[in-house]
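Okay, structure first, notes after.
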Ligand SMILES: [Fe+2]
């Protein structure tokens, strides 16, 4: 804990690591392709912080979809929603680059088709492989481009309430995308994020002739249908109430909020959380 950012005393580790080979058995965080680990203490004075160090990059990564075949449907759904959120948020991030965009869009294309199959037909090896690719790619894009408001809020929600990270992402993703799009349309109609949401929608629909308005609607419709189809719980199922909103906003991860494609007011963020209570 002494080494943990925002928690420890800034101690820097300079030694070697225990050599390790990463073999993910879920398709979600993409932790195997980043130098991040996440440590948390859950409760009233809890925290959930990234622990980053170059030596946390594995020596070897083995992506074997057979290792994910026995992952239960609910865990597949929550982890998959985390991976998809990471891809979409890093694609929309203010710190995105052409290189991370191309990786993110490749992951979005595969996950859009594979996620429902992996959730509903867990023995489909092709869908499992596509989700493993998408999650591993999301680790690369989040580490190099950053994330957005969903992950900004996922830190305090996961710190104060025993809600699994993937469920937090899956619960908030649709409403967060809708809020970003509406805020850009009303305040920043020239924001390139509007085009990017449309581009992501075209990739998800596999219809490159779709116009921007229809493509953004396709994206929102898909995210909304996944939220119910995959039974993503409300935040209130884990005890979040309206009274907790100010504390969640005050402790949102600054990195996630700053990379969001548009600056959201506290009132807008409050509305986002409230919509999932
Ligand atoms: Fe995540």
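Bear in mind these aren't lab numbers, they're just calculated from the coordinates by the rules spelled out. Computed from a prediction, not measured in an experiment: that's the story for all the values here. Because the Cβ atoms are built from the backbone with ideal geometry, glycine has one as well, and the counts that use them run over all protein chains shown.
Structure values in brief
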item	result
128, 178, 187, 276 arranged by Cβ crowding within 10 Å, fewest neighbours leading	187, 178, 276, 128
Gain on full stretching of the segment that runs from residue 39 to residue 208 - 0.36 nm per residue minus C-alpha separation	56.7 nm
Counting all C-alpha pairs of the chain, share separated by more than 28 Å (%)	33
Mean projected area (nm²) of the alpha-carbon convex hull when the stretch 171-235 is viewed from all directions	4.5
Inter-centroid distance (Cα atoms) of the stretch 114-151 relative to the stretch 159-184, Å	17
Prolate/oblate/rounded label for the stretch 131-190 (Cα gyration tensor, a/c 1.5)	oblate
Inter-probe distance in nm under a simple model that places probes 7 Å from Cα toward Cβ, at residue 62 and residue 95	3.3
Taking 48, 247 and counting other C-beta atoms within 10 Å, the order from fewest to most	247, 48
Contact order normalised by residue count of the chain, Cα under 8 Å, 6+ apart, percent	21
Modelled FRET efficiency - R0 25 Å, residue 9 with residue 268, Cβ distances, 0.05 increments	0.10
Hydrodynamic radius (Kirkwood) for the stretch 229-277, which is based on Cα pairs only, to one decimal in Å	11.9
Order of 265, 17 under a 10 Å beta carbon neighbour criterion, fewest first	265, 17
